[in-house]
Amino acid sequence: MVDINQIFRRFTAIWADSQPIRTLPELRAAVRAAELAWADVTDDWLRSLDPRWVYRQSDEPFADTRRNEEYRRRVQR
């Protein structure tokens, strides 16, 4: 069974370098905003996140306005 901690480890393996990246709660909010089950989060999906969001240069992880609005709602909880 896949859980958010495993997903976060994959996220950091893909994106981590010398720049700060998003936290586990922020990634959780993005996954939920995308309406994905943990098991449906692929490495390709993680790579599709906006790099500006990953590296804290933008507040929007997606190209889709509706999903970004849902992300902001979820991350404020």
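Any read-out appearing in this document is the output of simple, stated calculations on the displayed coordinates, not a laboratory observation. Not measured: the values here are computed from a predicted model. With ideal geometry, Cβ positions are generated from the backbone for all residues, glycine too; neighbour counts draw on all protein chains shown.
What number comes out for the charge environment of P61, summing +1 per Lys or Arg and -1 per Asp or Glu over other residues with Cβ under 14 Å away?
Working: positive: R22, R28, R32, R47, R52, R56, R66, R67, R72, R73, R74; negative: E26, E35, D50, D59, E60, D64, E69, E70.
Counting the neighbours of P61, the net charge comes to +3.
If you bin the C-alpha pair distances of the chain every 5 Å from 0, what whole percents do you get?
Spelled out per bin, shortest first, that is 3, 16, 30, 29, 16, 5, 0.
What number, rounded to the nearest 500 deg cm²/dmol, is the helix-based mean residue ellipticity at 222 nm of the chain, given -39500 (n - 2.57) per DSSP H run of at least four residues and division by all its residues?
Working: 5 runs with 43 residues, N = 77.
Helices in the chain give a 222 nm mean residue ellipticity of -15500 deg cm²/dmol.
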